[in-house]
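The values are calculated or read from the model by the stated rules, or taken from the named source; none is laboratory data. Values in this document were obtained by computation on a predicted structure and should not be read as measured data. Counting neighbours? That spans all protein chains shown, and the Cβs are built from the backbone with ideal geometry, glycine included. These area figures cover heavy atoms from the full protein model, side chains too; ligands, DNA and RNA do not enter into them. Shrake-Rupley method; radii C 1.70, N 1.55, O 1.52, S 1.80 Å.
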Amino acid sequence: GKVDRQALPEPEGRAGSREYVAPRTQVEEIVAGIWAEVLGIEQVGIHDDFFELGGHSLLITRVAARVSDAFQVELPFQIFFEKRTVAELAESIEAAHRGEQGLQIPPMLPIPRDGELPLSFAQQRLWFFDQLDPDSPAYNIPGAVRLTGRLDVGAMERALTEIVRRHEVLRTTFPTVNGRPVQVIAEAANHLSLPVVVLSELSPQEREIEAQRLVMEEIRRPFKLAQGPLVRVGLLRLSETDHILFFTMHHIVSDAWSMTVLVREVAVLYEAFSAGKASPLAELKVQYADFAHWQRQWLQGEVLERQLSYWKQQLAALPPALHLPTDRPRPAVQTNCGEGQGLELSEEVSEALRALSRREGATLFMMLLAAFKALLHYYTAQDDMVVGTNVANRTHIGTENLIGFFVNQLVLRTDLSGNPTFRELLARVRRVALAAYAHQDLPFEKLVEELQPQRDMSRSLLFQVKFELREGMTQSVELPGLVITPLESDYKVARYDLHLSMMEREQGLAGILVYNTDLFEASTIDRMIGDFTALLERIATEPDVRLNELAEMLAERNKQQQLIKEKELQEATLKKLKALRRKVVEV
C-alpha cells in the first residue's frame, strides 16, 4: 500500500538535514561530494547543514584540505564554520576564484633528495629542546593495540616493514651539519624483525601487570635524534590468542593523527599479507620532507606578514601567567611529572550541550572551551584568559595520510570581563576561535620567535593550560581470524599545569584532566573535575546564567563538600577512639 512517510525513521546519516536539493553547478557538485566522503554518507543536498549532518571541527580540517586541492584556492578557515551549507560554501569558493577572497597557494610537490633537507618549523623547535635536555622522554609518543585471535607474526613483520618503507619520516634522523640540524633519510630495510616477549607462563593477573611495566619502561627510554631509529615496536605474547603490539615514536616524526594512520595501515596491510596478497595501499605522492620544504617556501613574505600581524595584535600585552591556586610551591624549573583523572557526562547533558552549541552557531569544541574558561575564571578570578589548543594543521590534501609532526598550537585569548552570561561568553569564544583558525598556518615556533616572551623556566611559554576536543579511540577492527583493538595509553607526563582532553562517545562526553603532580594534589583535581561537571550541568539547562552566579554555585558546592569531609573525618576519628577505648577496657 501507500507508504506512510511520517512514520518512517530518519535515513541513516541524514538526521537534521532539510529536504534534499541536488547540486546546480559543478562547484556545488564537487563540494557535495567532498562532504559526503568526509561524513561517510551517500547523499548531501545543497541546503544541508554540515554540523547537523554530524560534522565537527576535526572533519572541517579534512574538508578544507579537499577544497584546497580540488579548487587550488585557500579560504579563510572560519569560512568553513560560517558557510554551513553546500550552496554557501560553493558561493565562497566561486568568489575566491574571482579574486574577491582567498589566496592562491603553491602545490606541494616532491623535491630532490640530493641536498640538505630542512626541518619543519615544529621539528626545529623539538630539536632545540632535545639539545637542552638530550635524555628526556617528554616527547615520546606511545601507542598500543591488542591483538585477539591467531596472530601471523610474519605477516605483521611484513606490514611494519612496508609502513616504514612507505613513510620516509620513520627512516629519518636529525644530525647537525655546520651547526644546523638537517633531515637525513635512510634507505628502506628489506625486513624488520619484531621483538617478541613471552608472558604466557605468568598468571593472567601477573601478565597484565608485567605487560604494563614493560610498556612503561619502553616509553621512558629516550631517543637519539642524530642516530635513530626514532620509532620502536615490540610485541608482548600474553597467550597464543592474546598479544599487545606497542609503538613508541619521538614526537619529531609523529603526532596523534599519525598514530591513527599507523594503526589503520597496520590493519590493511596485515589483512593483505596474511592472505598472501600484495599491498592494496596506493603510493604516497609526497612525503614529510616535501611538506617541510613547502612550508618554508610558502610561509614568507606577504603570507607570513599577514599571519604575524593578526597574532601580534591578538596577543599584545599578554598576561605573564595564569595564576592557578596550587597545592605546592612551583619548582624553579618546570617538571613533566604527571597524572590524569577521568570525567564523564551523562548522555542527556551531553546532548543538551550539543543542541545548545548548534543553536548558537558554535561547535562543541567552542562550547566546552567556554565552559572550561568559566571554570578557570572561578579558580583564578582573572578576566584575561589564555588557553592553548592543538590543530591538526593538515589543511593540504597531500598531508592527510602521512605520518609526521604536523600538529600546531593556537593561543586562544578571551576577555571574560563584565560578568557576561554563558551565552555571551560562548559568542566571545566563538569569535576568538574562528579568527585563530583563520590564522592557524603560522607555526607556534615562529610566533614565539616573533613575540619573544620573557622566558620563565618554571612555566610553559604563552599558556600554561591546554584544552582539546579529540576523536575517541578508533573502534576495533575485525580481520579474518584477528581483532585489532586500540588501547588507551597511560603515559604519566604533563607538559602543562593542566591539560583537559574531551572526547565524544555514544554514551556521552568523557574526558581526562592531566595535571602536574609537583603542583597539585589528586584531591584538588578531583574537586576541580566535580566543579566542571556541575558547571556543565547548569549550563546545559540555563545558558543565560552569569559568571558570578556560576562562581556562587561552585563556592557553595565546595563549602558543602568541605562540611561533608569534615563530618566524615570526625566520624572516623570517633570510631578510632571507640575502638581504642574498647582495647583499654579489655586490657
Task: Residue-averaged [θ]222 nm for the chain, counting only DSSP H segments that reach four residues, each worth -39500 (n - 2.57) - done: -14000 deg cm²/dmol
Task: Along each principal axis, Cα extent of segment 389-431, largest first, Å - done: 45, 15, 11
- [ ] May I ask you to order 65-74, 423-432 by the average number of other C-beta atoms within 10 Å around their residues, highest value first?
- [x] 423-432, 65-74
Task: Efficiency of FRET from Cβ geometry, I105 and R470, R₀ 35 Å, rounded to 0.05 - done: 0.85
Task: Given charges at Cβ of Lys, Arg, Asp, Glu: the chain dipole, positive-most of S458, P320, T85 - done: S458
Task: Vicinal HN-Hα couplings computed from phi for segment 441-454 (Karplus, 6.51 cos²θ - 1.76 cosθ + 1.60; Hz; Gly/Pro x) - done: 6, 6, x, 3, 5, 5, 5, 4, 4, 7, 6, 6, x, 5
TODO: May I ask you to order 365-371, 284-290, 580-586, 297-303 by the average number of other C-beta atoms within 10 Å around their residues, highest value first?
DONE: 365-371, 284-290, 297-303, 580-586
Task: Sites R180 and R495, calculated FRET efficiency, Cβ-Cβ separation with R0 25 Å, nearest 0.05 - done: 0.45
Open item on the list: Under the rule a/c < 1.5 gives rounded, and otherwise a/b versus b/c splits prolate from oblate, where does the chain land using the Cα gyration tensor?
Closed with: rounded
Task: Gyration tensor verdict on segment 250-349 (Cα atoms; rounded if a/c is under 1.5, prolate if a/b is larger than b/c, oblate otherwise) - done: oblate
- [ ] First check a/c for segment 508-562, with a ≥ b ≥ c the square roots of the eigenvalues of its C-alpha gyration tensor; if it is under 1.5, answer rounded, and if not, answer prolate when a/b is larger than b/c or oblate otherwise.
- [x] oblate
Task: Calculated FRET efficiency for the pair R459/A534, C-beta based, R₀ 30 Å, to 0.05 - done: 0.60
Open item on the list: Rounded to the nearest percent, how much of the accessible area of the chain (1.4 Å probe, protein heavy atoms only) is carbon and sulfur?
Closed with: 50 percent
TODO: Mind pulling up the Rg/Rh value for segment 321-470? Radius of gyration and Kirkwood radius, both on Cα.
DONE: 0.97
- [ ] Taking the Cα centre of the chain as origin, work out the dipole magnitude from +1 charges on Lys and Arg Cβ and -1 charges on Asp and Glu Cβ, in debye rounded to 20.
- [x] 1220 debye
- [ ] Place the peptides 403-411, 333-341 in order of packing, highest mean first, counting for every residue the other Cβ atoms within 10 Å and averaging per peptide.
- [x] 403-411, 333-341
TODO: Determine how large the accessible area of K446 is when every protein chain is in place; take a 1.4 Å probe and give Å² rounded to the nearest 10.
DONE: 40 Å²
Task: Around T414: net Lys/Arg minus Asp/Glu count, Cβ-Cβ under 13 Å - done: +1
Task: Label-to-label distance, nm, for residues given as H323 and E217 (7 Å Cα→Cβ offset) - done: 4.7 nm
TODO: Distance check, please: which entries in K312/K373; K83/K466; K466/K492; K285/K466; K312/K492 exceed 24 angstrom between their Cα atoms?
DONE: K83/K466; K285/K466; K312/K492
- [ ] Subtract the Cα-Cα distance of R113 and L304 from 0.36 nm times their separation in residues, and report this length gain in nm to one decimal.
- [x] 66.1 nm
